[in-house]
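A.B. asks: Attaching a single structure in structure tokens format; questions to follow.
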Amino acid sequence: MNVHFIAIGGAAMHNLALALHNKGYRVTGSDDTIFEPSKSRLEAKGLLPDTFGWFPEKITKELDAVVLGMHAKADNLELLKAQELGLKVYSYPEFLYEQSKNKTRVVIAGSHGKTTITSMILHVMQYHDRDVDYMVGAQLEGFDVMVKLTEDADFMVLEGDEYLSSPIDRRPKIHLYKPNIALLSGIAWDHINVFPTFENYIEQFKIFVDSIVSGGSINYNEEDPEVKHVVEASDNTIRKIPYHTPEYTVENGQTLLATPEGDLPIEIFGKHNLNNLAGAKWICQHMGVDEDDFYEAIATFKGASKRLEKIAESKTSVVFKDFAHSPSKVQATTQAVKEQYQNRTLVACLELHTYSSLNAEFLKEYKGALDAADMAVVFYSPHAVEIKKLEEVTHEQIAEAFQRDDLIIYTNPEDFKNFLFSQNFSDKVLLLMSSGNYGGLDFEVVKRLIK
């Protein structure tokens, strides 16, 4: 099968391209720029375009399919040629569905927790040598690729993103997978550039629940009132199975999970992660892994990349890096770290980096998000606001949003870096939360703060 990728360099797109190549497909692609690690990974398999740019002559009737990435525009020259020739143009999620329509599709959805839950499931499956196809949104320890496609696997595990499918398909990705087994972890307003109201955002998850195939099932976090309402109000003829945070204790910086066989030491921590674990256990049981085997495997799970990732530690200090940026994620992550290290000073640093977080109106959603921190710092770049063509965000608006009198705010990367390097981190925990890099902060250098 001949497949061409328009915008092959994206994080998701290049992983799908690699998966198809590994499956024996003939893969070609184009992009106007490709960054690392996509560039090296494509090059290693001979899939890196010879020249960057868009080339309509690459689009011929010999192609069986064209996959269109979000990075491309609706007037992309290669897309226009594909449409002119009448070729089948797939979005990323559409093509994944095509690859898995004869398998049992397991879709993990929600505003937060989906990468971690998907990672937990895959970790358990790998631990017990169970072969499954998958797509996950982060690089996992012990996994070479983020997308795996085979002919033989019975299950396809998909991390279900609610963002748009392609430049010409404005449906959220989760609407296209048609799961047999689903999970909904939480609903907290995000992507306000696409879903301008909370009601509009919630509607996407209602459609997702209704898209589960008849006779299928959904596990849902009953501690989230929006999730509970959306699932329980659905008329879809599916099994609805709630889950909640299991009992656990924290002793001397070690989280112990209560199980029928006694307390089990685990690598992850925080109420939100224990809640994720409860959801993952249910899904693994649907996939044929019994409870005892799940606990044996999950005890060795260390977390997904960039999700509460420990990047440095000494006898008296520790540094975590986390992808958290939405209000609910920031609050859950900050609370989790403080609970785990109750006797240390928590310095929590948040970069406002996304479209939503830099929107003056949306900022109000961050009220109380950093309350668990002993020292709270917010960094944002006025240049990022300018690039995103948003109205200017002021110090006063940020201070008002977080409702914290001692909040420290930086807009200059050097000032923020100088603050970090002026601190004595003995008996402290440093938590760096961002989907960016604080205007160019070198995390390898940050590790030297810990002695």
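A.B. asks: Taking T28 as meeting all but one of (1) without any contact (Cβ under 8 Å) to a residue 60 or more places away in the chain; (2) more than 29 Å from the chain's Cα centre (by Cα), write down the number of the exception.
C.D. replies: Of everything listed in (1) without any contact (Cβ under 8 Å) to a residue 60 or more places away in the chain; (2) more than 29 Å from the chain's Cα centre (by Cα), T28 misses just condition (2).
A.B. asks: Out of G368, G436, I need the residue that is of a type outside the set (S, T, N, Q), under 25 Å from N193 (Cα atoms), touching a His at 6+ places or on another chain (Cβ under 8 Å) and in a loop (DSSP other than H, G, I, E, B). Which one?
C.D. replies: Numbers: G368 fails: touching a His at 6+ places or on another chain (Cβ under 8 Å).
After applying the criteria, what remains is G436.
A.B. asks: Which of the residues belonging to segment 130-177 are surrounded by fewer than 21 Cβ atoms within 10 Å (Cβ to Cβ) and among the polar types (S, T, N, Q)?
C.D. replies: Matches in segment 130-177: Q139, T150.
A.B. asks: Going by the conditions given, is L346 buried (at least 21 other Cβ atoms within 10 Å of the Cβ) and either on the phi > 0 side of the Ramachandran plot or within 21 Å of the chain's Cα centre (by Cα) (or both)?
C.D. replies: So L346 does not fit the description; no.
A.B. asks: Considering only segment 52-100, how many residues are of a type in the set (D, E, K, R), without any contact (Cβ under 8 Å) to a residue 40 or more places away in the chain and more than 17 Å from T28 (Cα to Cα)?
C.D. replies: 3
A.B. asks: If you check L16 against the conditions, is it within 30 Å of E226 (Cα to Cα) and either in a helix (DSSP H, G or I) or modelled with pLDDT of 95 or more (or both)? Full working, then the answer.
C.D. replies: Values: within 30 Å of E226 (Cα to Cα): no; either in a helix (DSSP H, G or I) or modelled with pLDDT of 95 or more (or both): yes.
So L16 fails the test.
A.B. asks: Any residue at all in segment 234-252 that's within 22 Å of L158 (Cβ to Cβ) and buried (at least 21 other Cβ atoms within 10 Å of the Cβ)?
C.D. replies: Yes, that holds for at least one residue.
A.B. asks: Restricting to segment 3-24, give me the number of residues that are more than 24 Å from A138 (Cβ to Cβ) and surrounded by fewer than 16 Cβ atoms within 10 Å (Cβ to Cβ).
C.D. replies: 1
A.B. asks: A further question on this structure: Return yes when S111 is surrounded by fewer than 24 Cβ atoms within 10 Å (Cβ to Cβ) and part of a strand (DSSP E or B) and no when it is not.
C.D. replies: Against the criterion (surrounded by fewer than 24 Cβ atoms within 10 Å (Cβ to Cβ) and part of a strand (DSSP E or B)), S111 does not qualify.
A.B. asks: I would also like to ask the following. Within segment 34-83, how many residues turn out to be under 28 Å from R171 (Cα atoms) and more than 23 Å from the chain's Cα centre (by Cα)?
C.D. replies: So the count comes out to 23.
A.B. asks: I'm trying to understand the selection: among the residues of segment 139-153, which are assigned to a strand (DSSP E or B) and more than 15 Å from the chain's Cα centre (by Cα)?
C.D. replies: Correct list: K148 only.
A.B. asks: Return the residue satisfying two criteria in turn: it lies in segment 265-313 and is of a type outside the set (G, A, S), in a strand (DSSP E or B) and touching a residue at least 24 places away in the same chain (Cβ under 8 Å), and of such residues it is surrounded by the fewest Cβ atoms within 10 Å (Cβ to Cβ).
C.D. replies: Among residues in segment 265-313 that are of a type outside the set (G, A, S), in a strand (DSSP E or B) and touching a residue at least 24 places away in the same chain (Cβ under 8 Å), the one surrounded by the fewest Cβ atoms within 10 Å (Cβ to Cβ) is P265.
A.B. asks: Within segment 192-201, can one find any residue that is surrounded by fewer than 19 Cβ atoms within 10 Å (Cβ to Cβ), modelled with pLDDT under 95 and among the aliphatic types (A, V, I, L, M)?
C.D. replies: yes
A.B. asks: May I pose another question? Here are some residues: L346, L390, L370, L358. Which one is farther than 26 Å from E267 by Cα and either touching a helix residue (DSSP H, G or I) at 6+ places or on another chain (Cβ under 8 Å) or outside the structural domain of T411 (by TED's automatic domain parsing) (or both)?
C.D. replies: L358
The values are calculated or read from the model by the stated rules, or taken from the named source; none is laboratory data. A quick note: this is a predicted structure, and the numbers were derived from the prediction, not measured. No Cβ is skipped: glycine too gets one built from the backbone with ideal geometry, and neighbour counts run over all protein chains shown.
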